[in-house]
1. Give ILE269, ILE265 a once-over and let me know the one that is at pLDDT below 95, of a type in the set (Val, Ile, Thr) and either over 15 Å from the mean Cα position of the chain (by Cα) or farther than 25 Å from LEU72 by Cβ (or both).
2. Could you check how many residues of region 259-289 are farther than 13 Å from ARG230 by Cβ and part of a helix (DSSP H, G or I)?
3. Buried (at least 18 other Cβ atoms within 10 Å of the Cβ), of a type in the set (Val, Ile, Thr), touching a residue at least 12 places away in the same chain (Cβ under 8 Å) and closer than 21 Å to LEU66 by Cα - does that describe any residue in region 273-281?
4. Please go through region 195-223 and pick out each residue that is under 23 Å from PRO288 (Cα atoms) and free of Cβ contacts under 8 Å to residues at least 40 places away in the same chain.
5. May I ask you to verify whether SER31 is hydroxyl-bearing (Ser, Thr, Tyr), modelled with pLDDT of 80 or more and either surrounded by fewer than 16 Cβ atoms within 10 Å (Cβ to Cβ) or not in a helix (DSSP H, G or I) (or both)?
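The values are calculated or read from the model by the stated rules, or taken from the named source; none is laboratory data. Note that the structure is a prediction, hence the values are computed from the model and not measured. Ideal geometry is used to build each Cβ from the backbone, glycine not excepted, and the neighbour counts take in all protein chains shown.
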Amino acid sequence: MKKISTIISPATHFTDSIPIPDSGFEIATLSLVAGLLFLSLATFALIILLKLKSRNCRYLQSFNSLWIIRLLLVLLVSLWGFNQILKQPFMRHGDFLNRRESHCRSQLVLDLGILEPGFLISLLFLVDSSSKQNPNGIRSLFSVFLLCTPSISLQIYLVFFPPFKTVLPEFFHGSFILSTDIFGAKSVLCTYPFFSWAIFSVFSGIYAVALLVCCGRVTALAINKGLRRRIQVLAGAVVVSISVQILSLCFSWLWRPEGDSYAWIMLAIFVCVAVCMGVAEVVLVITPVVEALEAADCGLWRFFPGRSQGKIAGDFSTPR
């Protein structure tokens, strides 16, 4: 028996060290992340194809001026997806317990301080640039980073160096709790402190007003109904996503992170943000790039035989 246990134990130890999702919420999250990453990969391939085609196609050169902002949008979506995987409870067992605090805080700053604000501001610049002639991609990229600076700075300060930490309750600054299941296994559950989502709520409120104003201006200049519909769908997806996320964060502290109610709230936040990002990639990158390549007769239409050559849907895909 001793020999058998010696043989089995390394295998058991190896199996236990592999993170495996153990709930329906985690499986659903991983499935949605996989779909979002696949869409981002396809979007990235289209951006690179457009970049290559624009070298020999003069018609695409002005349209391709914002390729770096589109690439940044896709990069932020992909990083957000990977960060959601790392946030799952099954990824935070064992050795992670020794560095739980810094890890949860880092993920929190990444989510609400860098990735989501950066994605939203990149989206706003792409929408706004559709009504301008020959926008400057490098200048837009610098502006995106500049506008993200206040959010990043405040999140880092309030999450890593919360004021009045010894006086205020955990609700205001706590970024994690340590949970123990019925079998005695310990895991870390990251939470959203009041300071963090309050800053994100202020940012989101200002951003929603700016986006609606920008979308209204672009809609007024839109050439056809299809483009107007796309802008309206995009604006609706962003505003609904922001609203659901803020409301969910406000009510998240009514339940313990170990319970199913809290898991449903986190899943609702994730689904809304993921759908918003997917809609943004389709509306702002995939559709206009495909239509611009077709309009320029660069050969992509051969892979879409049902579509007519030279069709342009509107300002999002029309080079100026």
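1. It is ILE265.
2. Counting residues in region 259-289 that are farther than 13 Å from ARG230 by Cβ and part of a helix (DSSP H, G or I) gives 20.
3. Step one: filter region 273-281 for residues buried (at least 18 other Cβ atoms within 10 Å of the Cβ), giving 273-274, 276-281.
Those left that are additionally of a type in the set (Val, Ile, Thr): 273, 279.
Add one more test, that the residue is touching a residue at least 12 places away in the same chain (Cβ under 8 Å), and what stays is 273, 279.
Filter once more, so that each one left must be closer than 21 Å to LEU66 by Cα: 279.
Checked region 273-281: at least one residue is buried (at least 18 other Cβ atoms within 10 Å of the Cβ), of a type in the set (Val, Ile, Thr), touching a residue at least 12 places away in the same chain (Cβ under 8 Å) and closer than 21 Å to LEU66 by Cα.
4. LEU212, VAL213, GLY216, THR219, ALA220
5. Details: hydroxyl-bearing (Ser, Thr, Tyr): yes; modelled with pLDDT of 80 or more: yes; either surrounded by fewer than 16 Cβ atoms within 10 Å (Cβ to Cβ) or not in a helix (DSSP H, G or I) (or both): yes.
So SER31 fits the description; yes.
Listed here are the residues, each with its yes/no results for (1) modelled with pLDDT under 90; (2) part of a helix (DSSP H, G or I); (3) within 30 Å of GLY236 (Cα to Cα); (4) of a type in the set (A, V, I, L, M).
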{"residue": "ILE114", "(1), (2), (3), (4)": "no, yes, yes, yes"}
{"residue": "SER143", "(1), (2), (3), (4)": "yes, yes, yes, no"}
{"residue": "PHE200", "(1), (2), (3), (4)": "no, yes, yes, no"}
{"residue": "ALA210", "(1), (2), (3), (4)": "no, yes, yes, yes"}
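Yes or no, residue by residue, for (1) modelled with pLDDT of 85 or more; (2) of a type in the set (Phe, Trp, Tyr):
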| residue | (1), (2) |
| --- | --- |
| PHE125 | yes, yes |
| LEU147 | yes, no |
| TYR157 | yes, yes |
| PHE160 | yes, yes |
| HIS173 | no, no |
